[in-house]
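Asks: Okay, here's the structure, questions in a sec.
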Amino acid sequence: MIHVFVCLVTHATENGMSRKKTHLHLENTPFICENCGCMVMPPESGTLHRNHCSHCLFSLHVDMRVGDRRSGCRGLMEPIGIWAPAKKDWSIIHRCKNCGFMRTNRIAGDDNETLLLSLAVRPITRLPFPIEMLFDTLGKGSISGDGQ
């Protein structure tokens with residue numbers, strides 16, 4: 001897992017009150033995946049900090065905010081999809097199996113490409129309607145579904 005070193009710093013504000021800011025220092029170390037049991041090494045490329053297994057793409061629900069390690073849930077975060085914003089790197093969409101919390105994590109260069117691709121095509125392979133409906137609609141010369 002990533003080791004986190006937290007440093008609390010007190011700063012004076014305009015009204016004389018102080019606020020604590022948390023500075024996170026992240027360090028990559030190898031870990032054993034709690035889902036598949038594989039040894040996961042620090043990423044070679046694609047991200048600075050490993051936050052999911054490169055073999056099965058599962059993560060752990062350990063953060064309330066990115067990097068703070070303050071979540072008490074500690075549930076397995078299942079990869080459920082891919083987010084591919086224009087002109088940016090892909091991210092894996094994770095959902096916690098315990099509490100349902102969702103978060104995206106940037107992919108790493110050594111992630112399992114077959115699993116990444118299967119997540120990306122999942123919406124096409126699991127349509128919310130029978131595929132025959134699509135072919136019937138296309139056969140009628142309409143893609144709006146109204147038959148005109």
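The values are calculated or read from the model by the stated rules, or taken from the named source; none is laboratory data. Here the structure is a predicted model, which is why all the values come from computation and not from measurement. Note: ideal-geometry Cβ built from the backbone for every residue, glycine included; neighbour counts use all protein chains shown.
Asks: Looking only at the range 96-113, decide whether some residue is aliphatic (A, V, I, L, M) and at pLDDT 90 or above.
Replies: Checking the range 96-113: at least one residue is aliphatic (A, V, I, L, M) and at pLDDT 90 or above.
Asks: Restricted to the range 43-65, and to residues that are surrounded by fewer than 17 Cβ atoms within 10 Å (Cβ to Cβ) and without any contact (Cβ under 8 Å) to a residue 24 or more places away in the chain, which residue is nearest to K97 (Cα to Cα)?
Replies: Selected residue: M64.
Asks: Can you name the residue in the range 95-144 that is basic (K, R) and either out of contact with any strand residue (DSSP E or B) (no Cβ under 7 Å at 6 or more places or on another chain) or not in a loop (DSSP other than H, G, I, E, B) (or both) and, of all such residues, is surrounded by the fewest Cβ atoms within 10 Å (Cβ to Cβ)?
Replies: R126
Asks: Now, a different point. Condition check: at pLDDT 80 or above, surrounded by 16 or more Cβ atoms within 10 Å (Cβ to Cβ), in contact with a strand residue (DSSP E or B) (Cβ under 6 Å, 6 or more places away or on another chain) and small (G, A, S). Does S91 satisfy that?
Replies: So S91 passes the test.
Asks: Considering the range 66-88 alone, what residues qualify as being assigned to a loop (DSSP other than H, G, I, E, B), within 23 Å of E113 (Cα to Cα) and in contact (Cβ under 8 Å) with a residue 24 or more places away in the chain?
Replies: A84, the sole residue that qualifies.
Asks: Condition check: of a type in the set (D, E) and modelled with pLDDT under 80. Does E34 satisfy that?
Replies: Considered against the rule, which asks whether it is of a type in the set (D, E) and modelled with pLDDT under 80, E34 comes out as no.
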